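> Handing you this structure, nothing more for now.
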Amino acid sequence: QLQASGGGVVQTGGSLKLSCTASGRSFSTDVVGWFRQAPGQEREFVATVSRRGTVKSYADSVKGRFAISRDHAKNQVYLQMYRLKLEDTAIYYCASKASIDGVYFTRASDYESWGQGTLVTVSS
């Protein structure tokens, strides 16, 4: 069971840090990804990190503004968001899939476990 948290309302240009926690199990052997879905739009890839945190990938729309990281000791994965824009407003979901090290996934269909999502609202 994954749980995303940390969403809220922030002004444009502001920052927010999301957390993804796996309860009841360790996801240290999983690739973890963040996705988002804005109202009326398809769910889209945001960022992903390999099981050891050494390989990361970002959507072009967030590259240079968002940073994904993980803390195995805390069993958490984070999405630090900087310089937020109005178009970043969405429900953010974390997802995971057990994998070998050194790989990541950018398609939602590749992931097996999903959290319930946390709402990020960027206001002007």
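The values are calculated or read from the model by the stated rules, or taken from the named source; none is laboratory data. Just so we're clear, the structure is a prediction, and the values are computed from it rather than from any experiment. Every residue, glycine among them, receives a Cβ derived from its backbone with ideal geometry; neighbour counts consider all protein chains shown. Protein only, heavy atoms only, side chains kept; ligands, DNA and RNA dropped before computing areas. Shrake-Rupley method; radii C 1.70, N 1.55, O 1.52, S 1.80 Å.
> Residue by residue through segment 37-44, which ³J(HN,Hα) values in whole Hz follow from phi under the Karplus form 6.51 cos²θ - 1.76 cosθ + 1.60 (θ = phi - 60°), with glycine and proline marked x?
After applying 6.51 cos²θ - 1.76 cosθ + 1.60, I find 9, 8, x, x, 10, 6, 5, 10 Hz.
> Further question: Through the Karplus equation 6.51 cos²θ - 1.76 cosθ + 1.60, θ set to phi - 60°, convert the phi angles of segment 66-80 into ³J(HN,Hα) values in whole Hz; use x for Gly and Pro.
10, 9, 9, 8, 9, 10, 5, 4, 9, 6, 9, 10, 10, 10, 8
> Normalized C-alpha radius of gyration of the chain, against 2.2 N^0.38 Å?
That works out to 0.97 for the chain.
> Cα to Cα, under 20 Å, and not fewer than 8 places away if on the same chain: which lysines meet these conditions relative to LYS74?
Hits, sequence-local ones excluded: LYS17, LYS56, LYS97.
> Using modelled amide H (1.01 Å from N, peptide plane; none on Pro or chain starts), what sits under 5 Å from the amide H of VAL103, excluding residues fewer than 5 places away?
ARG51
> Note down the nm distance, to one decimal, between modelled labels 7 Å out along Cα→Cβ at LYS17 and at GLU112.
About 3.0 nm, to one decimal.
> Pop out the ³J(HN,Hα) list for segment 26-36 in order, Karplus 6.51 cos²θ - 1.76 cosθ + 1.60 with θ = phi - 60°, rounded to Hz; leave Gly and Pro as x.
8, 10, 5, 9, 9, 6, 10, x, 10, 10, 9
> Also, quick follow-up: Please give the per residue accessible area of segment 16-124, computed with a probe of 1.4 Å over protein heavy atoms only, in Å².
On a per-residue basis, 48 Å².
> Here's something else I'd like to know. I need the peptides 50-60, 94-104 ranked by packing, meaning the mean over residues of other C-beta atoms within 10 angstrom, with the highest value on top.
Highest mean packing first, the order is 94-104, 50-60.
> Further, regarding this structure: Report the charge-dipole magnitude of the chain in Debye, nearest 20, computed about the Cα centre from +1 at each Lys and Arg Cβ and -1 at each Asp and Glu Cβ.
300
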